[in-house]
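Take a look at the structure below.
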Amino acid sequence: QVLVVGCGNSELSEQMYDVGMCEDIVNIDISDAVIRQMQERKGSKRPKMRYLLMDMLQMDFPDAHFQVVLDKGTLDAVLTNEEEATLAKVDKMFAEISRVLQVGGRYLCVSLAQAHVLKKAVEYFSQEGWVVRVHQVAGSGDKQQFVLPVFVYVMTKFRKIPGSASQILEICPEEQDKPMRVESAERLVAAVKDRQHYALLCSQLSKTPCREQVSLDLCDKESGRPRYTLHVVDSLSVKPSRDNHFAIFIIPQGRETEWLFGTEEGRRQLAASAGFGRLVTVALHREQHYEGMAGIQVELSGKVMELAPPGLPARQQVPFLSVGGDIGVRTVRHRDTSPLSGEYVVEDVKGDGTSYFRRLIFLRNRNVVQSEARLLAPMPPPGQKKRRKDKKKPNPAEPPAAIDKSYLCCEHHKAMVAGLCLLGGPDPLPGDETSSGRLCWGHVGPHAPAPWGRAFLAKVAHVPFPKWFGAGGWHEQWERDHSERLDCVAKLAAEAPAQYDAVMFDVDSKDLTVGMSCPPPAFVEKPFLQKVKTILKPEGVFVLNLVCRDARLKESVLATLREVFPLLYARRIEGEVNEILFCQPSSERRRDPTELGTRARALEGALRRPGAP
């Protein structure tokens, strides 16, 4: 026995009757005209189906009379706002539905699932002890008929157990049969909203090219964690033809942070060079397991077609592209949580060709490589060659373990090192074991201090850096927060002034509300900078990595630096926000600036060569 509330002139009851789903169907509506129309249309064709003039807020049926109450859009029509009178009306509607429904029966509500409608229904019935499940039954794949997806709430009536607070809330997306359990009404509403946003996005992408890049996460069905991150890039300069409308580009694991794949401009260049009107780049997440390129293609084929551009020919084959035809290699070596920087990982990834890299990544900003070291293939001892029969074919999935201590990963690190040519006397050379001191704070590459003689390093990350990055040669290693660093400089200034040839700061700021991400503001305040000047030798140099997007703040920092240091050079890094500042305590120029620039550029160039010292 089925009750249809607010039946209107819908054909749904007639269709259910005609296909044999059920015949004992009672339809009610508050409109006398609608009921007369539907009775005339029924005639003698469907003898067991009835149409009755009745208010669903006050029904004449006895208690527990129906197995199913069906609502196609009636709740959406009633709950148009969240005013007190409207909510009271809906409570009365739900109470009457509950009264006429048998235990074990179901209230089926077809809805567009506006947030306030879904929230009200879920909260009411879950508090009554009912099992609540939301099915997505039509979505963005039905482009000709629907823009927003259609949902059905399935509320199964159970006897309310006094004192029980347990709730059973589930969602069953369109693409899978197995429902997923969610922990709260808020999470259920959010999951539905995600699918609504996705449907709107697909609808927009199917009609017009997007001038701005669109990004979205596809999540794992079991864990709910992001599995793929997609960016939709339209190249307006490419004239679409039958074969270059649309392609999918799989970014090899571990390379999603590279400029070409990790920035808007890089992806735009990638799309243009690939020659496709629309390119969807796909980044793979480190917490997930993938069954090679073929497995990814099977998994994504249906979903990416929902992002297809307008004008894509029917049954068009969409190519899957990658670098070298594989999905790359990523091996997580260590995972932990830092008290200062949160969760982090140390991982080995494969770069271009046979190169491997070890990276430190803070997961609060997973697209930024905090530190990187190049790995070297193991070499036999000097004068010893492996016998041919002992020679094993290298496993491309097994990265080498030795660290290349000559490698600097960032352009601004190369500029900081090159700035040492400002020091008085001969240029610093690798292996120069003099007694001169360098105070290095932050990340001037994981191995930069090693060839510079006596080095003094403070690490703020609180991670086992030496174990994973082979940081031999650091005579003292500290794990300090910013306040301890400030105190340390003050102590050095008081006890041992003028002892350092170079002081280098590359320290990130945890305060995201300031328009300067490096260094923290306290490191460029005048009293602190005067202490830095105090610990420098007269011919020394203070090297600072400045990353500041706030123009006024940047001018203020530069003005303060000029007040403290009479001589200041700036080195801008092309394509980056970083600006390297070289500050000297003496106004006397020991070298011509043009000559210094030439020497610094030459040294930077040497640092870029593979195997450079």
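The values are calculated or read from the model by the stated rules, or taken from the named source; none is laboratory data. Note that the coordinates shown come from a computational prediction; the quantities given were computed from them, not determined experimentally. Glycine gets a Cβ as well: all are built from the backbone with ideal geometry, and neighbour counts include every protein chain shown. Note: areas computed on protein heavy atoms with side chains; ligands, DNA, RNA excluded. Shrake-Rupley method; radii C 1.70, N 1.55, O 1.52, S 1.80 Å.
Quick look at the values:
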read-out: Filter result for H289 (surrounded by 15 or more Cβ atoms within 10 Å (Cβ to Cβ) and assigned by the TED database to the domain that holds V232); value: no
read-out: Residue in the range 265-284 that is within 22 Å of the chain's Cα centre (by Cα), open to solvent by less than 70 Å² (accessible area, probe 1.4 Å) and farther than 18 Å from S235 by Cβ present; value: yes
read-out: R99, sole failed condition from (1) in the same structural domain as V150 (by the TED database); (2) surrounded by 17 or more Cβ atoms within 10 Å (Cβ to Cβ); value: (2)
read-out: Strands (runs of 3 or more DSSP E) enclosed by the range 307-381 - at least 1 residues per element that are touching a His at 6+ places or on another chain (Cβ under 8 Å) and modelled with pLDDT under 85; value: 330-338, 371-376
read-out: Of the criteria (1) touching a residue at least 12 places away in the same chain (Cβ under 8 Å); (2) assigned to a helix (DSSP H, G or I); (3) not β-branched (V, I, T), which one G295 fails; value: (1)
read-out: Residue list for the range 37-85, filter: at positive phi and either modelled with pLDDT of 95 or more or assigned by the TED database to the domain that holds H116 (or both); value: A64, G73
read-out: Selection status of Q213, under 22 Å from A294 (Cα atoms) and either at pLDDT below 90 or exposed (fewer than 15 other Cβ atoms within 10 Å of the Cβ) (or both); value: no
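Okay, residues lined up against (1) without any contact (Cβ under 8 Å) to a residue 12 or more places away in the chain; (2) over 15 Å from F249 (Cβ atoms); (3) surrounded by 14 or more Cβ atoms within 10 Å (Cβ to Cβ):
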| position | (1), (2), (3) |
| --- | --- |
| E306 | no, yes, yes |
| R315 | yes, yes, no |
| V318 | no, no, yes |
| L321 | no, no, yes |
| R330 | no, yes, yes |
| D336 | no, yes, no |
| L340 | no, yes, yes |
| V346 | no, yes, yes |
| V349 | no, yes, yes |
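Results for (1) free of Cβ contacts under 8 Å to residues at least 12 places away in the same chain; (2) more than 25 Å from G129 (Cα to Cα); (3) open to solvent by less than 30 Å² (accessible area, probe 1.4 Å), shown as yes or no for each residue.
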residue: L3; (1), (2), (3): no, no, yes
residue: G20; (1), (2), (3): yes, yes, no
residue: K48; (1), (2), (3): no, yes, no
residue: Q67; (1), (2), (3): no, no, no
residue: T74; (1), (2), (3): no, no, yes
residue: E84; (1), (2), (3): yes, no, no
